[in-house]
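Asker: I'd like to ask some things about the structure below.
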Amino acid sequence: MQDLDFYARPGWYDALHAEGTASWADWLLVLNRRHGTGGVRWLEPACGTGRFFPVLARRGVRLTGYDLHPTAVAYARRRGDARLADMTGYLRPRAFDLAFCLLGSFRHLMDEAAARRHLTLTRRSLKPRGLYALGLDLCDYSRPEADEEVWTARRGGLSIEDVVETVPPDRLRRRERVIHFLRAGGRLYKSEYDLRSYDWPQFQRTFRAAGFRLAGAYDAWRRPVVPDRSTRDALFLLSAEG
């Protein structure tokens with residue numbers, strides 16, 4: 001088994017996350033009209049390989065994305081306006097109608113100061129009534145459970161399987177270990193890292209401290225929900241007003 005930097009293989013990462021991109025784009029358009037400005041200037045923090053650029057362009061959206069990893073940004077630039085930037089450093093005041101980050105990359109910000117700074121800069125980059133659509137897996141510290149997901153893809157004759165194991169979070173350190181076991185080209189690779197954990201009260205305190213209010217929330221089946229301590233996987237719509 002070989003250690004792997006997932007971003008060093010942007011084609012693999014892109015293939016594993018390609019499914020559902022068009023559906024997500026359409027859903028974001030609906031939410032933008034329902035809760036936000038309805039405008040077409042959008043921002044994607046942690047845009048990765050830029051899978052949303054061509055899909056949103058066909059729907060009339062002008063997307064800007066940024067990511068910290070140079071290999072991912074080089075891949076994304078073949079598709080659209082991708083910038084090399086950190087989540088705690090990007091600011092374009094009142095430039096965007098909607099920002100979105102769907103895969104939980106927000107949890108790579110490992111302390112409260114970094115999380116609040118990112119949210120504050122994103123809020124300041126939004127127009128009045130702009131939205132930040134933030135996908136997040138919340139946890140229940142009283143019921144720690146391991147989790148496993150399997151992602152599969154095929155591209156250019158190569159089959160890729162990604163088994164993702166999540167270790168229950170450490171409540172005191174607010175760390176959750178994520179381990180990827182990837183099989184591709186007859187080889188097995190391993191990639192692991194920590195994410196910051198949140199339950200609903202912790203997340204609520206963080207986004208409120210950054211000046212956001214909650215405009216809405218939807219579960220994995222795109223049903224509206226009122227978040228509480230039982231909420232797990234959800235898309236939170238944070239409004240730049242209030």
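Asker: Residue check, residue 139 against (1) buried (at least 16 other Cβ atoms within 10 Å of the Cβ); (2) touching a Gly at 6+ places or on another chain (Cβ under 7 Å); (3) within 24 Å of residue 17 (Cα to Cα); (4) not acidic (Asp, Glu), all met but one. Which one?
Answerer: Answer for residue 139: the failing condition is (2).
Asker: Among the listed residues 91, 102, identify the single one that is in the same structural domain as residue 229 (by TED's automatic domain parsing) and buried (at least 17 other Cβ atoms within 10 Å of the Cβ). Quick ask: steps written out before the conclusion?
Answerer: Details: 91 fails: buried (at least 17 other Cβ atoms within 10 Å of the Cβ).
The match here is 102.
Asker: Check region 34-46 and report whether any residue there is over 18 Å from residue 130 (Cβ atoms), in the same structural domain as residue 130 (by TED's automatic domain parsing) and basic (Lys, Arg).
Answerer: no
Asker: Just the residues that are surrounded by fewer than 17 Cβ atoms within 10 Å (Cβ to Cβ) and among the aromatic types (Phe, Trp, Tyr), please, taken from region 146-200. Explain how you work it out, then say what you get.
Answerer: Applying the first criterion (surrounded by fewer than 17 Cβ atoms within 10 Å (Cβ to Cβ)) to region 146-200 yields 146-152, 154-159, 161, 163-165, 167-168, 170-173, 175, 177-179, 183, 185-188, 190, 192-193.
Those that are surrounded by fewer than 17 Cβ atoms within 10 Å (Cβ to Cβ) and among the aromatic types (Phe, Trp, Tyr): 151, 193.
Asker: I've got another one for you. Quick one: which of 41, 79 is more than 18 Å from residue 102 (Cα to Cα) and either at pLDDT 95 or above or basic (Lys, Arg) (or both)? Don't jump to the end; show me each part of the working.
Answerer: Values: 41 fails: more than 18 Å from residue 102 (Cα to Cα).
None of the other options fit; the residue is 79.
Asker: A further question on this structure: Exactly one condition in (1) in contact (Cβ under 8 Å) with a residue 24 or more places away in the chain; (2) of a type outside the set (Val, Ile, Thr); (3) under 20 Å from residue 202 (Cα atoms); (4) part of a strand (DSSP E or B) is false for residue 154; which is it?
Answerer: Answer for residue 154: the failing condition is (3).
Asker: Kindly provide the set of residues from region 201-223 that are farther than 23 Å from residue 124 by Cα and buried (at least 16 other Cβ atoms within 10 Å of the Cβ), ordered by number. Walk me through it before giving the result.
Answerer: At the first step, the residues of region 201-223 found to be farther than 23 Å from residue 124 by Cα are 201, 218-223.
Passing the criteria: only 218.
Asker: When region 224-242 is examined, which residues are found to be among the aliphatic types (A, V, I, L, M), at pLDDT 95 or above, more than 22 Å from residue 177 (Cα to Cα) and buried (at least 19 other Cβ atoms within 10 Å of the Cβ)?
Answerer: Matches in region 224-242: 237, 238.
Asker: Scan region 90-142 for residues that are of a type in the set (Lys, Arg) and touching a strand residue (DSSP E or B) at 6+ places or on another chain (Cβ under 9 Å) and jot them down. Break it down into steps so the answer makes sense when it comes.
Answerer: So the first thing to find is which residues in region 90-142 are of a type in the set (Lys, Arg), and the list is 92, 94, 107, 116-117, 123-124, 127, 129.
Selection gives 92, 94, 107, 123, 127, 129.
The values are calculated or read from the model by the stated rules, or taken from the named source; none is laboratory data. Fair warning: this is a prediction, and the values are worked out from it, not measured in the lab. All Cβ positions, glycine included, derive from the backbone under ideal geometry; neighbour counts span all protein chains shown.
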